[in-house]
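The values are calculated or read from the model by the stated rules, or taken from the named source; none is laboratory data. As the structure is a prediction and not an experimental result, all values here were calculated from the model. So basically every Cβ, Gly included, is an ideal-geometry build from the backbone, and we count neighbours across all protein chains shown. These area figures cover heavy atoms from the full protein model, side chains too; ligands, DNA and RNA do not enter into them. Shrake-Rupley method; radii C 1.70, N 1.55, O 1.52, S 1.80 Å.
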Amino acid sequence: MLQAIPSGWTQTGNALTRVISRADFVEALALVLEIGKLAEAANHHPDIDIRYRTVHLSLSTHDAGHTVTAKDSSLAQKINDLSEEAIRLTRDELRRRFKA
C-alpha cells in the first residue's frame, strides 16, 4: 500500500520526483553521497541526475513494474530527513580530497 507522498516530492507518472538545489557542485555531490548511503541500506536505488548544483531525483520500484510503492515513499522520507550536519561533513571531506 502506498504511503502518503512526503513533503517536497511530486508523483510524476510512475515515479516520485524531487529537485533539490544546493549552494554549489560540491554540496550537490555531498547530498548525492548521503542519498547513496540511504539507498544502499534500503537496497532501493533512485535515479539521480546532477546538474551543477541541482540534484534531480526519481524514485520508482523497478521490480513492481516501475510503479510507486511504499519503498519509494519510505526512501523519499529518509532523504527528506537527511541532516544538514551529515551533508556538511561529507562536503568538507570532499573539499579536502579535491585539494589533495
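Scanning the range 75-97 for residues that are open to solvent by 80 Å² or more (accessible area, probe 1.4 Å), out of contact with any helix residue (DSSP H, G or I) (no Cβ under 7 Å at 6 or more places or on another chain) and not in a loop (DSSP other than H, G, I, E, B) yields E84, E85, R88, L89, R96, R97.
Only residues that are open to solvent by less than 10 Å² (accessible area, probe 1.4 Å) and of a type outside the set (S, T, Y) were counted in the range 51-66, giving 3.
Just one of the numbered conditions (1) touching a strand residue (DSSP E or B) at 6+ places or on another chain (Cβ under 6 Å); (2) free of Cβ contacts under 8 Å to residues at least 24 places away in the same chain is not true of D72: (2).
Of all residues in the range 10-32, those being among the aliphatic types (A, V, I, L, M) and in contact (Cβ under 8 Å) with a residue 60 or more places away in the chain number 4.
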